[in-house]
Amino acid sequence: MKLALLLVVVLPLAFAAPAPEKRFLIEDFSKIFNVVELKNIIQDIVNKAGTDASETACENECRTVITATILEDTCPVICKSFQALIGHFQIAKTSSATL
């Protein structure tokens, strides 16, 4: 009987506990990248591919922006959260005027 009471009362309370708070992705990126360098990479990608670039277009441009072979593997990580990073850094496409 005590086991049934335990299962009926305590178990639902345990599952109703709030989930651990999710951290924003930028905190995770700051452990991998210099945030200023990350912002510059995102700005370069936006200038070349635009703010509405698909993940594939982002990855292609990312590989041209990042020249270090080791860091090219981070392009999928950056491009999966491309829109969130644009919003976080408040990046807009800048036009480069040629004279």
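The values are calculated or read from the model by the stated rules, or taken from the named source; none is laboratory data. As the structure is a prediction and not an experimental result, all values here were calculated from the model. No Cβ is skipped: glycine too gets one built from the backbone with ideal geometry, and neighbour counts run over all protein chains shown.
Quick notes
- Cβ pairs under 9 Å, 6+ apart, first in the stretch 36-63 and touching a residue at least 12 places away in the same chain (Cβ under 8 Å) and farther than 17 Å from residue 92 by Cβ, second part of a helix (DSSP H, G or I) and of a type in the set (Lys, Arg): 55/80
- Qualifying positions in the stretch 27-73 - polar (S, T, N, Q) and at pLDDT 85 or above: 40, 43, 47, 51, 54, 56, 60, 64
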